[in-house]
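One structure is given below, encoded as structure tokens.
The values are calculated or read from the model by the stated rules, or taken from the named source; none is laboratory data. These numbers were taken from a predicted model, which means no experiment stands behind them. In this analysis, Cβ positions are derived from the backbone assuming ideal geometry, glycine residues included, and neighbour counts consider all displayed protein chains. In case anyone asks, the SASA skips ligands and DNA or RNA and just uses the protein heavy atoms, side chains included. Shrake-Rupley method; radii C 1.70, N 1.55, O 1.52, S 1.80 Å.
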Amino acid sequence: MNEFLSISTAAIDWSRAQFALTAIYHWLFVPLTLGLALIMGIVETCYYRTRNPFWKEASHFWQRLFGINFAMGVATGIILEFEFGTNWSNYSWFVGDVFGAPLAIEGIVAFFMESTFVAVMFFGWKKVSPGFHLASTWLTGIGATISAWWILVANAWMQYPIGQTFNPDTMRFEMDSFAQVALSPFAVDKFCHTVTSAWIIGAVFVVAVSSWYLLKKREEKLARESIKIASVVGLCASLLAAFTGDNSAYMVSQTQPMKLAAMEALYDGGKGQSLTAVAWVNPFEQPDYTNEKEPPLRIGIPKGLSLLATHSLDGMVPGVNDILKGYTKDNGEKEPSVEEKMARGRKAIAALTAYRNGKKDEATRKQLADNIAYFGYGYVKDPHQVVPYIPVNFWAFRVMVGTGCLLILFFLLVIYFTYKKKSIDRQRWLLFGGIALLPLSYIASEAGWLVAEFGRQPWTIQDMLPTWAAVSDLNSGSVALTFFLFLFLFTAMLAVEISILCKQIKKGNIKTNE
């Protein structure tokens with residue numbers, strides 16, 4: 001296993017940058033796919049129930065925009081999955097028996113399902129019955145959502161690995177409970193929070209397009225009816241996202257306490273911890289958490305963090321230093337210090353090395369079994385390596401939560417002016433706000449993923465495999481070259497998508513000739 005340590009730092013950094021680039025661009029397309037799928041399903045349901053030609057044309061319009069975005073998301077998603085084999089081959093070899101299963105199901109079942117029914121949705125208006133076409137539209141969205149489920153199961157397993165055992169004969173982690181992997185509470189929370197946030201993106205997009213039409217005094221009926229649907233979807237999704245976000249924060253506190261400490265810039269924890277409302281964390285450098293008790297200018301909500309993290313006002317929430325030094329949980333269980341985990345990780349590596357060299361006695365097996373949970377710590381040279389970059393986590397979390405609160409207020413106002421006063425056309429400030437919130441909602445969505453991924457660094461798999469032991473042994477120059485090629489390619493794809501979307505929106509709801 002020492003061959004992992006010979007890989008250059010530059011290759012590790014470029015591989016991480018390339019994967020991050022691909023994931024960030026991919027996530028620009030996915031939430032709009034999931035969100036528009038719900039909206040267009042509701043719109044076509046209105047047509048099926050009323051047989052009003054207006055709703056059919058509205059369905060055509062939103063489905064055209066969905067199709068443009070869907071194609072771009074597929075292209076980036078395929079590249080993202082291939083990078084596990086090209087840039088992270090040690091990771092794929094080490095845990096492929098577990099990680100590969102949900103990705104295989106996603107490709108074989110979910111992606112096949114959505115790809116099949118999307119063809120019926122686009123080309124079957126005159127070839128199938130209205131009921132079958134409606135079912136195809138909903139099944140396209142359901143297929144995309146199921147696809148997201150399996151991808152998020154795989155990601156959740158990286159955050160909270162369960163349902164696997166290590167086989168020293170094959171030198172791999174192998175799945176021993178598919179149900180534990182597929183139905184992990186971490187996976188369920190991640191799926192619910194991610195999908196509801198995608199519905200928000202879809203709702204904001206529809207409101208933004210409709211607001212533009214109302215400001216231009218074009219397609220006014222389409223705009224008003226679409227805003228009615230999107231504002232209700234957006235409000236419901238925002239409230240659900242807040243609820244699932246609370247559950248996610250609780251799961252993070254139980255399984256990834258260092259991530260929670262980074263999100264809160266909590267250096268020294270304890271019982272009855274307050275939730276940070278405002279604080280100054282320098283965004284450009286890691287704070288000196290060993291010497292600072294808390295960030296400057298901090299204002300906190302009394303006992304709020306303990307309530308969020310433990311569902312108890314006096315619950316114990318460890319800070320960065322507590323996790324480094326070891327601490328006692330509320331149930332009396334002692335959590336080892338990082339140095340103790342590093343020592344146990346080295347014991348696991350030593351036992352595995354001895355086992356590979358033919359020493360397969362009971363003592364070696366026991367030493368490996370007793371310490372395998374800390375295997376990844378054996379590759380950590382300094383305890384401070386397990387502390388993620390606090391400024392990114394702190395500010396990204398607040399961008400996500402702050403924007404989420406703003407969106408709840410926005411959707412409430414839209415619903416009020418749409419359903420009560422029926423004067424949304426005259427609220428130009430609200431229409432401009434709807435357009436401005438579109439890029440902001442995307443920033444918030446990406447910020448959520450930054451928290452999820454930066455917060456578990458340096459781990460590719462939490463506590464099991466750090467990034468420098470998971471990467472492929474590649475020439476850093478080759479990875480850097482492909483990074484810039486992908487940057488150019490993805491930027492061009494994004495520019496093309498925005499251009500095509502804008503052209504379609506400017507054309508408006510032109511009657512489809514079929």
| task | Take E44 and decide whether it is surrounded by fewer than 22 Cβ atoms within 10 Å (Cβ to Cβ) and either of a type outside the set (K, R) or without any contact (Cβ under 8 Å) to a residue 40 or more places away in the chain (or both). | result | no
| request: Might you let me know whether the stretch 441-453 holds any residue that is among the hydroxyl-bearing types (S, T, Y), modelled with pLDDT under 90 and surrounded by 18 or more Cβ atoms within 10 Å (Cβ to Cβ)? | output: no
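Listed here are the residues, each with its yes/no results for (1) among the β-branched types (V, I, T); (2) open to solvent by less than 30 Å² (accessible area, probe 1.4 Å); (3) touching an Asp or Glu at 6+ places or on another chain (Cβ under 8 Å); (4) in a helix (DSSP H, G or I).
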position: V188; (1), (2), (3), (4): yes, no, no, yes
position: T194; (1), (2), (3), (4): yes, yes, no, yes
position: I200; (1), (2), (3), (4): yes, yes, no, yes
position: A203; (1), (2), (3), (4): no, yes, no, yes
position: V207; (1), (2), (3), (4): yes, yes, no, yes
position: S211; (1), (2), (3), (4): no, yes, no, yes
position: L214; (1), (2), (3), (4): no, yes, yes, yes
| query | How many residues does the stretch 350-360 hold that are crowded, with 17+ Cβ neighbours inside 10 Å and touching a residue at least 40 places away in the same chain (Cβ under 8 Å)? | reply | 2
| If you go through the stretch 255-267 one residue at a time, how many are part of a loop (DSSP other than H, G, I, E, B) and among the polar types (S, T, N, Q)? | 1
| request: Would you tally the residues in the stretch 371-385 being under 15 Å from I323 (Cα atoms) and in contact with an Asp or Glu (Cβ under 6 Å, 6 or more places away or on another chain)? | output: 1
| note | Within the stretch 454-492, the residues that are open to solvent by 40 Å² or more (accessible area, probe 1.4 Å), among the polar types (S, T, N, Q) and within 21 Å of the chain's Cα centre (by Cα) are T491
| Of all residues in the stretch 268-291, which are open to solvent by 60 Å² or more (accessible area, probe 1.4 Å) and either assigned to a loop (DSSP other than H, G, I, E, B) or touching a residue at least 60 places away in the same chain (Cβ under 8 Å) (or both)? | W280, F284, E285, Q286, D288, T290, N291
| message | Report every pair of residues separated by at least 6 positions or lying on different chains whose Cβ atoms are under 9 Å apart, first residue within the stretch 151-169 and on the phi > 0 side of the Ramachandran plot, second of a type outside the set (S, T, Y) and assigned to a strand (DSSP E or B). | response | G163/M175
| Out of the stretch 292-312, which residues are in a loop (DSSP other than H, G, I, E, B) and open to solvent by 90 Å² or more (accessible area, probe 1.4 Å)? | K293, E294, L297, P302, H311
| message | If I go through the stretch 47-93 residue by residue, how many of them are in a helix (DSSP H, G or I), open to solvent by less than 20 Å² (accessible area, probe 1.4 Å) and over 24 Å from I229 (Cβ atoms)? | response | 4
| request: Of the conditions (1) among the aliphatic types (A, V, I, L, M); (2) surrounded by 14 or more Cβ atoms within 10 Å (Cβ to Cβ); (3) farther than 30 Å from A237 by Cβ, A363 clears all except one; give me its number. | output: (2)
| Looking at this structure, is Y213 at pLDDT 90 or above and within 22 Å of G376 (Cα to Cα)? | no
| query | Which numbered condition trips up E264, out of (1) open to solvent by 50 Å² or more (accessible area, probe 1.4 Å); (2) out of contact with any Gly (no Cβ under 7 Å at 6 or more places or on another chain); (3) among the charged types (D, E, K, R)? | reply | (1)
| query | Here are L260, L239: which of them is within 19 Å of I408 (Cα to Cα) and of a type outside the set (F, W, Y)? | reply | L239
| query | Which one is most open to solvent (accessible area, probe 1.4 Å) among residues in the stretch 316-342 that are assigned to a strand (DSSP E or B) and in contact with an Asp or Glu (Cβ under 9 Å, 6 or more places away or on another chain)? | reply | T328
| request: Give the residues of the stretch 414-428 that are crowded, with 18+ Cβ neighbours inside 10 Å and either farther than 16 Å from L214 by Cα or β-branched (V, I, T) (or both), sorted by residue number. | output: V414, T418, I424
| task | Search the stretch 221-240 for residues being open to solvent by less than 10 Å² (accessible area, probe 1.4 Å) and aliphatic (A, V, I, L, M), and hand back the single one that is farthest from L406 (Cα to Cα). | result | L222
| request: Look at the stretch 218-272 and say how many of its residues are of a type in the set (S, T, N, Q), over 18 Å from the mean Cα position of the chain (by Cα) and farther than 13 Å from V206 by Cα. | output: 1
